[in-house]
Amino acid sequence: MNDEWNQAKLLKQRYATDPLREDEICRQLGISKVALRRSVRAVSLVEQYQTSDYGDQFNEAKFPLFREAVLNAPLKAWLGWEDANFRATHPENTGLFFSLLSNEPNAAGQYLEPVLVRPDDINLFGKILNDPKALETLKQTRNLNAAYRASDLVFKERQEQVLKSVVTDIATLGQLAIHSEQLPELEDALRRLQGIVNRTRGSTLSGVEQNAVFHDRIDEHFTALHIESYKKLRNLQLSKLSRINLVAGLNNSGKTTLLEAIYLLVRQNDFAGILEVIRRRGKIPEDHINPEWLVEQLSGEIRVAGTFDQQTANVAIRDYLESDNTLDKSRYIRTLEIVTRFGEHSQESQTRIFKGRDRQTLADSIKLLSPVVYSSPFFLNEPQHYARFYEKSVQSKAKGTILEFIKAAVSPSIVNIELVDNLQRFLVTDNDYDSAMDLAWYGEGLQRIFFISLLFASAQNGVVLIDEFENAIHTELLGKFAPFIHQLAKTFNVQVFLTSHSKECIDAFAKTAPEIADFTFHTLLVEDGNVVARDFDGKKFSRLLEIGNIDLRRMR
């Protein structure tokens with residue numbers, strides 16, 4: 001413990017002499033910027049404590065509490081923490097925090113024990129800060145457990161436990177044979193659950209992307225990408241980016257990996273982004289991710305950069321083992337660190353992964369470059385996700401445009417496609433049938449066209465990523481669907497990256513593009529063991545296709 005305190009003081013001293021030499025300090029000492037800044041913040045808070053009325057009570061054993069405090073976003077906000085000055089600026093809250101860390105004399109002249117004595121206490125304290133009733137209880141009793149019991153947290157955690165139990169019981173029930181005499185009871189339970197869902201949906205935000213983004217409106221999307229290191233991709237650069245970017249290549253050339261890298265760059269320091277990438281790779285449902293399997297997928301450092309909206313953006317991701325002795329080592333597995341920068345904005349997050357308990361993410365803020373939606377053929381097997389995309393399309397009035405295209409290009413007899421809330425499935429009103437049909441009864445081509453079209457409203461002023469675009473879509477429909485993708489992209493100011501290993505799909509875009517200047521064609525090739533990109537603007541590729549019926553996948 002003494003070593004950790006001394007090392008942190010040394011880092012603070014080095015940083016204080018010249019904060020502009022941050023990169024050099026990190027290189028010399030072999031540490032990350034996250035570790036350096038964390039130490040500077042923690043020692044700065046200790047120094048502020050030492051100048052307070054409780055300063056003489058500080059000893060090295062308290063240092064982990066201060067280190068945990070500067071990682072706790074709610075606590076930092078409550079203290080009025082300013083990174084520019086490395087100082088807590090809210091005097092009343094800071095005074096209370098220092099009191100809870102210390103022995104406090106009472107009216108009888110006796111000393112009350114500190115309230116916050118373990119790092120876990122800091123985490124719990126951070127959870128109750130926004131509950132006035134719990135905070136008042138803590139002030140009066142100096143009892144953290146009593147304050148917790150007085151808060152809404154108990155109720156919320158009980159809700160979570162009940163919800164997990166319901167999900168587990170439903171999964172079990174789905175494996176059993178249900179008799180007809182049990183249906184009334186089952187239907188009654190379904191109605192009650194749907195009532196809960198409807199009440200909740202009416203009181204919360206609707207739509208898909210509820211993460212904060214840097215700017216609601218952007219002037220320009222990606223104009224350059226540099227995949228420094230991600231899986232098989234090393235120093236891969238893409239230029240000549242346009243509104244629609246079609247990425248071709250033979251099997252295993254890195255097309256999906258490229259989309260994943262772009263997705264991670266847009267998601268910035270959001271751990272949910274890398275979780276989604278890993279989940280898709282393994283085709284794992286959201287609620288069945290084994291934490292130990294998850295950690296096995298985190299091998300190798302990730303570095304991705306680009307120019308977005310005329311500003312430099314980058315993300316660096318690594319996993320490591322923390323040496324913090326206060327961690328529950330019997331359950332702790334590993335920590336994932338994400339460090340990002342967009343223009344002048346820096347962000348970071350650390351997510352601790354445990355077995356047998358929830359992950360813990362620490363971050364001051366999580367902001368995305370823009371809204372982003374990632375679609376793959378695997379996603380077709382999870383139609384519940386498209387319910388949110390559907391709602392956004394209805395709100396933006398895009399659904400009518402989508403239906404018009406489907407009636408004109410796919411099936412003239414279709415009148416409407418609606419989401420049935422109580423069943424969370426899509427029903428099709430079709431003049432060829434007496435009653436509404438489940439969308440699943442139609443071909444996968446219609447389903448994929450409908451679901452892909454729903455994505456754009458949810459990615460307004462952002463990015464749409466589509467893997468294996470041609471999957472399940474008949475060749476004859478590709479030529480009709482390609483211009484519609486361009487129409488949606490323009491309507492919602494979206495930049496599109498889509499992959500294909502089908503020459504027919506690639507050619508369909510080149511031959512039917514309404515504004516060929518809005519298209520760029522990229523091919524990924526393996527040269528000397530490295531994946532490289534060749535870029536062709538829309539006009540050039542279209543001319544080459546007319547002259548020689550070339551194959552983009554094999555162009556060098």
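Here, each number is a calculation from the coordinates, and none is a lab measurement. None of these values were measured; they are calculated from a predicted model. Positions of Cβ are generated from backbone atoms using ideal geometry, with glycine treated the same way; all protein chains shown enter the neighbour counts.
Its Cα centre serving as origin, the chain has a Cβ charge dipole (Lys and Arg +1, Asp and Glu -1) of approximately 800 debye. Between ALA387 and TYR111, the modelled label-to-label distance comes to 5.8 nm, taking each label 7 Å out from Cα in the direction of the beta carbon.
Using Cβ counts within 10 Å as a stand-in for footprinting exposure, how do TRP78, TRP441 rank, fewest first?
TRP441, TRP78
If R0 is taken as 35 Å, the Cβ-Cβ distance between ALA272 and ASP56 corresponds to a FRET efficiency of 0.20. Of the residues SER32, ASN85, GLN13, the one whose Cα sits farthest toward the positive end of the charge dipole of segment 2-130, with +1 on the Cβ of Lys and Arg and -1 on the Cβ of Asp and Glu, is SER32.
So how tilted is helix 271-282 from the main axis of the chain? Cα-based, degrees 0 to 90, rounded to 10. The angle comes out at about 50 degrees. Legend: calculated FRET efficiency, ASN252 to GLU187, from the Cβ-Cβ distance at R0 = 45 Å, rounded to 0.05, equals 0.40. Placing unit charges on the Cβ atoms only, positive for Lys and Arg and negative for Asp and Glu, gives segment 374-554 a dipole magnitude near 500 debye about its Cα centre.
The sum of -39500 (n - 2.57) across all DSSP H runs of n ≥ 4, divided by the residue count of the chain, sets its helix-only mean residue ellipticity at 222 nm to -13500 deg cm²/dmol.
Translational diffusion coefficient, Stokes-Einstein: compute it for segment 374-554 using the Kirkwood radius over C-alpha pairs as Rh, at 37 °C and 0.692 mPa s, and state it as an integer in µm² s⁻¹.
188
Full extension of the chain between LYS240 and THR223 yields a length gain of 5.4 nm, computed as 0.36 nm times the residue separation minus the alpha carbon distance.
To the nearest ten degrees, helix 153-173 and the longest principal axis of the Cα atoms of the chain are 40 degrees apart. Taking a ≥ b ≥ c as the square roots of the eigenvalues of the Cα gyration tensor, the chain is classed as oblate, since a/c reaches at least 1.5 and a/b does not exceed b/c. Ranked by the mean number of other Cβ atoms within 10 Å of their residues, highest first, the peptides 396-409, 511-524, 160-173 come out as 511-524, 396-409, 160-173. Using alpha carbons only, how many angstrom separate the centre of segment 43-109 from the centre of segment 472-492? Going from one Cα centre to the other spans 58 Å. Of the residues LEU478, LEU144, ALA305, the one whose Cα sits farthest toward the positive end of the charge dipole of the chain, with +1 on the Cβ of Lys and Arg and -1 on the Cβ of Asp and Glu, is ALA305.
Taking 7 Å steps out from each Cα toward its Cβ at LYS283 and THR172 produces label points 2.9 nm apart. Check cross-link reach from LYS139 to the aspartates and glutamates: straight Cα distance under 13 Å, and skip same-chain residues fewer than eight apart. Reachable aspartates and glutamates: GLU92, GLU104, ASP131.
Could you tell me which of the pairs LYS231/LYS480; LYS240/LYS397; LYS283/LYS407; LYS240/LYS392; LYS127/LYS367 are separated by over 29 angstrom between their Cα atoms in the structure shown? Over 29 Å Cα-Cα: LYS231/LYS480; LYS240/LYS397; LYS283/LYS407; LYS240/LYS392. Pairs with C-alpha atoms separated by more than 22 Å, drawn from the list LYS12/LYS62; LYS399/LYS511; LYS503/LYS539, are LYS399/LYS511.
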